[in-house]
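To start, the structure itself, in structure tokens.
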Amino acid sequence: MREGKFAPERLAIPVNCAVLFTNRDDTLVQIQGHDFTLGEMSKDQAWAHTYKEAGSFEIFNAKNPTQRAAILVRQ
């Protein structure tokens, strides 16, 4: 999260790739995806999630659900 949005808002990765989510904003964020919810992150805190299957997955900030992004996982 940076300036109230995901950066980048779309990301393409291979299967079994870990994505590191880092909060660069002053407000708390909590990233939620199709099969995971990461803990609350304060500024400069980070959590990782590994995508183990191909597909297109939406993620959002549970603290502000209008903040959304897409992860495209390819074989």
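No lab work stands behind these numbers, since they all come straight from the coordinates. Every value quoted in this text rests on a predicted model; they were computed, and no experiment measured them. Neighbour counts are summed over all protein chains in view; Cβ atoms, including those assigned to glycine, are modelled from backbone coordinates with ideal geometry.
Could you list, in sequence order, the residues of segment 19-75 that are surrounded by 12 or more Cβ atoms within 10 Å (Cβ to Cβ), of a type in the set (S, T, N, Q) and assigned to a loop (DSSP other than H, G, I, E, B)?
Those that are surrounded by 12 or more Cβ atoms within 10 Å (Cβ to Cβ), of a type in the set (S, T, N, Q) and assigned to a loop (DSSP other than H, G, I, E, B): N23, T27, Q30, Q45.
Scan segment 41-58 and tell me whether some residue there is under 13 Å from R2 (Cβ atoms) and among the basic types (K, R).
yes
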